[in-house]
Each structure stands twice: as structure tokens, then as C-alpha cells.
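Everything below concerns the one structure shown next.
The values are calculated or read from the model by the stated rules, or taken from the named source; none is laboratory data. As the structure is a prediction and not an experimental result, all values here were calculated from the model. Counting neighbours? That spans all protein chains shown, and the Cβs are built from the backbone with ideal geometry, glycine included.
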């Protein structure tokens, strides 16, 4: 039987200042959907720096006591474009502007100008490197189909669902290869699920299920949040979880990474997905305030009133990229200590 309150991270961790220029996430044309911030190195030096930063983030997670680790997305200037620029059909040389996240933000985005195809492995080396660094279970993340569609401009398909299924086909090829390599958790990041519950019902779940077809060993996960907090950008919390959790309960996905801390959502929502393992968001990535172990333990124990503790994992709401390294480290340590405390209080 799984242990209660296994500790993990959602995906991203802060990048050291020596690796990448430090910019706010909404920097014009630079972050999230665009080309990303600039690296401090180039060529072979950058490859070595990426390796070193990955080793550092694994060390940070292991030192904090995280049980399921990631590479912190240290090689990714953008969690999204690291994947989409490796797919055929996208143009990132000539960006355009598009309202994303249900009109939350006008962003500079890449353009889909032709059929989307995966021409070869995208994360194979990243996965192999991680498996060499640690004996702990490794999670690898990719942006989900609906998030890719929302974060790019379609100038080819003319239909979101059709484009989304083509993205899902490509991601499924990658996921099956990661599964064969021995990755423990393959996660698809779908922050836009929270913004478009009707689309989730229409085609989002279908595309997500396509992503995980043929996965034999790895656990599959979907991450749903309300997107990164960004300076000066509204972050409305709309009442979409009841719809999307009920839909995800019927999906083929094994695990759900859900935001509950910053959003202040009611843990009773967990009753809508009784068959899933839930990475329960109990750490806020939008503030430097360090949660206490007692606070985290109380959050986890409250969640355990609605879902068995062995189906709950302790996790941040979202990736910790927006924070400084020192703050992220302190938050992870508090989260792990809180999970340990919750296990003891569980009896």
C-alpha cells in the first residue's frame, strides 16, 4: 500500500542566477509562451551549465526530503516552448499576439503554420540524465494539448479540437518512449483546464486520454492550476474545479496535481475524484511567506477527511519557478516536515 502524503514537486524549480537572466514571468516577448529569458552561457558551456543546474535541483529536492523528484525544468527557457519548438508545424521566428487563458493575458506566442508532428525524441536525454542522478522516482513533465493550443496561434487547422488531437498524438509518442526508459511519472500540464471547463468536457479529456494510450509502467498525471502568478496580471479564481474534477474522474489519468493553497478551494472537492491519487497543493508559489510544518500538516489532514491519505501526495500548488532559490528550498523543507508531522498525527 502506498505511504500517506508522499512528497513531490509539480515540475519547475527556480533557475540559478548564474544560469539564466532573472526576469518577471510577464516580460514582453520573453517568458512563458515566447522565446524565454536569455541564458548566461552558450554552446558547450550552456550544456554543461544545464547539467550542473539539474544536479543542483536534484540535490535540493533530495536534501529537502522530496520523494518523487523532477529535473526542475532547468533546461527549459519556457515550460511550453521547450516542447513546441521541437515539434514540426510551429514557427517561433515570427511571433504574433494572442489573448490567452480566457482573456487573462495578451501574450506573444508562436504560430502553428502546418501539420504538427514529432520528428524524433524530445526529452530522451533529459530523462536518461535524471535516471543517472538519482534512485528516487523521477517525474517528467510536458505541456498538455489544450494548453499548447491556447498558448499558440492556429494558422493551419482552423479548429481547436483537431489541433489538440494532433498535439496529443505527438505527446503520446514521446510519453511511450519515456515510459520505456523507466520514468515513474509522466505529467501533462494543463493550467488552461481551469479557464475553459466547457472545452474540457468537449475535447480536453479526450485529448488527455489520447496522450496516455499505451503507457505500460509509468503513472500518468495531469496538473491543473490557475497559472503562474505574474506581476500586474489578474489571476481570477473561477469556480471550475467541480466541473473538471468530475470529468477527470472518468479519464484514464492516474494522478491529479491540484491547486488548493493560493486558491483557497474547499478540500471537499476531492470527493469528486475518488479513484485518483491527488498531488494536493499546500504550498503557495506566489508569495515569499514560508508555510510552517504545522500549517502544512493541518492542510493535509483536512484533505484526508475527503480522500484516503494514501491517495494524497504533498505538493506545491504549481511549479516553484517564480520564487528565489532560498525561498523555494525553505518551502520544500517546510512541506516535507509538514507531511512527516501529518503522518504521525494520522496514527
Q. Are any residues in the range 335-347 part of a helix (DSSP H, G or I) and surrounded by fewer than 21 Cβ atoms within 10 Å (Cβ to Cβ), and if so, which ones?
A. 337, 340, 341, 343, 344, 345, 346
Q: For residue 106, state whether it is on the phi < 0 side of the Ramachandran plot and without any contact (Cβ under 8 Å) to a residue 40 or more places away in the chain.
A: yes
Q. Since residue 183 meets every condition but one in (1) in a helix (DSSP H, G or I); (2) surrounded by 19 or more Cβ atoms within 10 Å (Cβ to Cβ), which condition does it not meet?
A. (1)
Q: Could you list all residues from the range 67-81 that are within 23 Å of residue 38 (Cα to Cα) and either without any contact (Cβ under 8 Å) to a residue 12 or more places away in the chain or more than 14 Å from the chain's Cα centre (by Cα) (or both)?
A: 75, 77
Q) Just wondering, is there one or more residues in the range 41-52 that are part of a loop (DSSP other than H, G, I, E, B), modelled with pLDDT of 95 or more, surrounded by fewer than 17 Cβ atoms within 10 Å (Cβ to Cβ) and more than 17 Å from the chain's Cα centre (by Cα)? A) yes
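Wholly within the range 53-160, which helices (runs of 4 or more DSSP H) include no fewer than the required count, namely at least 3 residues that are modelled with pLDDT of 95 or more and exposed (fewer than 15 other Cβ atoms within 10 Å of the Cβ)? Steps first, please.
Numbers: elements: 81-84, 124-133, 145-150.
It comes to 124-133.
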Q. With (1) over 22 Å from residue 19 (Cβ atoms); (2) touching a residue at least 12 places away in the same chain (Cβ under 8 Å) as the list, and residue 99 as the residue in question, which single condition is left unmet?
A. (2)
Q. Among (1) in contact with a strand residue (DSSP E or B) (Cβ under 6 Å, 6 or more places away or on another chain); (2) surrounded by 22 or more Cβ atoms within 10 Å (Cβ to Cβ), where does residue 244 come up short?
A. (1)
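Taking residue 254, is it in contact with a strand residue (DSSP E or B) (Cβ under 8 Å, 6 or more places away or on another chain) and surrounded by fewer than 21 Cβ atoms within 10 Å (Cβ to Cβ)?
Values: in contact with a strand residue (DSSP E or B) (Cβ under 8 Å, 6 or more places away or on another chain): yes; surrounded by fewer than 21 Cβ atoms within 10 Å (Cβ to Cβ): yes.
So residue 254 fits the description; yes.
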Q. Assuming residue 276 fulfils every condition listed in (1) under 20 Å from residue 60 (Cα atoms); (2) under 20 Å from the mean Cα position of the chain (by Cα) apart from one, which condition is it?
A. (1)
(Q) Being touching a residue at least 24 places away in the same chain (Cβ under 8 Å), under 24 Å from residue 193 (Cα atoms) and surrounded by fewer than 17 Cβ atoms within 10 Å (Cβ to Cβ) is the requirement here; does residue 276 meet it? (A) no
Q: Tell me which of these residue 171 doesn't satisfy, since it passes every other one: (1) within 18 Å of residue 96 (Cβ to Cβ); (2) assigned to a helix (DSSP H, G or I).
A: (1)
